[in-house]
1. Under a point-charge model restricted to the Cβ atoms of Lys and Arg (+1) and Asp and Glu (-1), what is the dipole moment magnitude of the chain relative to its Cα centre, in debye to the nearest 20?
2. Search the structure for amide H atoms under 5 Å from the amide H of Ile7, placed 1.01 Å from N in the peptide plane, and list their residues when 5 or more places away or on another chain.
3. How high is the relative contact order of the chain, in percent, with contacts defined as C-alpha pairs under 8 Å that are six or more residues apart?
4. Nearest 500 deg cm²/dmol is fine: what mean residue ellipticity at 222 nm does the chain get from its DSSP H runs of n ≥ 4 alone, each adding -39,500 (n - 2.57), divided by its residue count?
5. Kindly provide the trypsin sites (Lys or Arg not before Pro) of the range 13-77 that DSSP labels as loop, not H, G, I, E or B, and whose Cβ sees at most 10 other Cβ atoms within 10 Å.
6. Grab the other residues whose beta carbon is less than 11 angstrom from that of Leu60, score K and R as +1, D and E as -1, and report the net.
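Just so you know, all these numbers are worked out from the coordinates, no wet-lab data involved. All figures in this text were calculated on a predicted structure; none of them were measured in a lab. A quick note on method: Cβ atoms are made from the backbone with ideal geometry, for glycine too, and the neighbour counts reach across all protein chains shown.
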Amino acid sequence: MSSLKPIYVLNGPNLNLLGQREPEIYGRTTLADIDKLVSDKAGTLGLAVDCRQSNHEGELVTWIQEAREKASGLVLNAAAYTHTSIAIHDALATLDIPVIEVHISNIFKRESFRHHSTVSPVATGVICGLGVTGYELALDAIHRILTTN
């Protein structure tokens with residue numbers, strides 16, 4: 001497993017404010033806490049991760065394109081761009097690696113504009129509403145896909 005390229009874990013806009021922003025929805029866990037959680041989980045699975053966050057759509061697109069050559073899988077919480085970004089959708093459509101869409105909150109229990117995802121049609125799977133545990137579950141899913149295919 002150690003010969004695999006890292007799993008990219010990409011987080012979109014405003015997720016740098018986790019722990020401060022709307023804790024009644026997102027909890028008190030910070031993005032740094034999530035990065036550590038993800039790194040620890042990856043270690044138990046024999047995987048490496050590369051965690052990144054950006055508030056800029058174009059930077060996320062660039063990283064997704066980079067993942068084509070440099071990653072074995074992708075965990076993506078596109079945040080608000082989930083509902084609006086055709087550019088992220090199109091970049092994801094070029095990948096031939098497992099892509100797991102993650103949302104901390106259950107987007108279907110929130111405002112109606114959050115019920116549509118431009119990411120889901122090009123994702124391997126979707127995890128939402130399970131808090132930060134969703135990131136660990138996403139790594140489990142990618143690990144299983146990579147080791148059974």
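1. 200 debye
2. Ala48, Val49, Asp50, Ser72
3. Relative contact order, the chain: 26 percent.
4. It comes out at -11500 deg cm²/dmol, rounded to the nearest 500.
5. For trypsin sites (Lys or Arg not before Pro) across the range 13-77 that sit outside H, G, I, E and B with at most 10 neighbouring Cβ atoms in 10 Å, the list reads Arg28.
6. Neighbour charge sum, excluding Leu60 itself: -2.
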